[in-house]
Structure formats: structure tokens, C-alpha cells
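**Student:** Take this structure, written in C-alpha cells, and hold onto it; I'll ask about it next.
The values are calculated or read from the model by the stated rules, or taken from the named source; none is laboratory data. Please read these numbers as outputs of a predicted model, since none were measured by experiment. Quick reminder, even Gly has a Cβ in these numbers, built from the backbone with ideal geometry, and neighbours come from all protein chains shown. Ligands, DNA and RNA are excluded from the accessible area calculation, which covers all protein heavy atoms including side chains. Shrake-Rupley method; radii C 1.70, N 1.55, O 1.52, S 1.80 Å.
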Amino acid sequence: MNSQYAVAVHVLSLIDRFPEHSSSADMALSVGTNPVVIRTVAGQLRRAGLIRTRQGVAGASLSRPASQITLLDVYRAVNGEDRVFRLHERPHPSCPVGANIQATLEDRFGRAQAALEAQLARSTLADVTADLACRAG
């Protein structure tokens, strides 16, 4: 998983808490990155149906309440069907380890991925922004 996921949650949190500061330039300042990165992530969030934007108009809005956007929704928006754990492609079939490593790891990686997704499904954007509000005082 790359940092785009954390950036996506950051962007959504900004849109939820400070919708008047949801331009890519404003969000880039908060994230500490270039506005192009924000526009890329915002495009992923828009295609996933999590935010609404209008061409030629700065800013964005959530497409549904923060309590209805899970961290799993965000994860899938930026990662698609990619998994956290990936198998290497060409283990040697005549090696005792190479011939069996894929099946051995698939089971373990699958359970770990399922646990991750279950945890993300239990947390919403509203949970994140509530925690942020508490931390900010």
C-alpha cells in the first residue's frame, strides 16, 4: 500500500471538516504535497463515488455523509483490487519451496487481507474526523 491511501483519508477529512477549503491548492498545503497529487487522488475518490467535483469550479463535496463512508471504501477507491500482500510470479516449480510457496502464502496472505478489510469496514470517515476534532482540541 502506498501513501495515496493516507492522502485520500486526509483529503476526505478536510472536505468533511472544512468544505470551504477544499480546493486542491488548500488541501495540498495541509497534506504537504503538490496540488497535482491532490487532483489525482480526488479523481480516484470521484470515480469511486465518494466525492463530487465540478469542472472549472474549485472545491469538492462528499457524495454522502461521512458516517456512510468507510475506510474500506477509501481503501478500494485508491487501491482498486490490489492486495496489500502480493506473491512473486515465477517460483521454480522443481524446487520444494518454489513449488509450494504460492499456496502456502496465499492462505496466510488471504487471511491477513480479510482481517485488514474487516477492520477498515468498521471505521468511518466520521470516526476519523471525530478523532481529529478531539486531538485538535
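**Student:** Scan the stretch 79-102 and report the pairs whose first residue is under 28 Å from A6 (Cβ atoms) and whose second residue is open to solvent by 100 Å² or more (accessible area, probe 1.4 Å) and part of a loop (DSSP other than H, G, I, E, B), with Cβ atoms within less than 7 Å and a gap of 6+ or a chain change.
**Tutor:** N79/M1; V84/M1
**Student:** Right, here's the next one. Suppose we filter the stretch 1-40 for residues that are of a type in the set (S, T, N, Q), open to solvent by 30 Å² or more (accessible area, probe 1.4 Å) and in contact (Cβ under 8 Å) with a residue 60 or more places away in the chain; how many remain?
**Tutor:** Residues in the stretch 1-40 being of a type in the set (S, T, N, Q), open to solvent by 30 Å² or more (accessible area, probe 1.4 Å) and in contact (Cβ under 8 Å) with a residue 60 or more places away in the chain: 1 in total.
**Student:** Got at least one residue in the stretch 28-39 being closer than 30 Å to C134 by Cα, of a type outside the set (D, E) and part of a strand (DSSP E or B)?
**Tutor:** no
**Student:** Looking at the stretch 87-137, which of the residues that are in a loop (DSSP other than H, G, I, E, B), of a type in the set (A, V, I, L, M) and open to solvent by less than 60 Å² (accessible area, probe 1.4 Å) is modelled with the highest pLDDT?
**Tutor:** Among residues in the stretch 87-137 that are in a loop (DSSP other than H, G, I, E, B), of a type in the set (A, V, I, L, M) and open to solvent by less than 60 Å² (accessible area, probe 1.4 Å), the one modelled with the highest pLDDT is A99.
**Student:** Exactly one condition in (1) under 17 Å from V9 (Cα atoms); (2) within 19 Å of the chain's Cα centre (by Cα); (3) open to solvent by less than 50 Å² (accessible area, probe 1.4 Å) is false for G59; which is it?
**Tutor:** Evaluating G59 over (1) under 17 Å from V9 (Cα atoms); (2) within 19 Å of the chain's Cα centre (by Cα); (3) open to solvent by less than 50 Å² (accessible area, probe 1.4 Å) leaves (2) as the failure.
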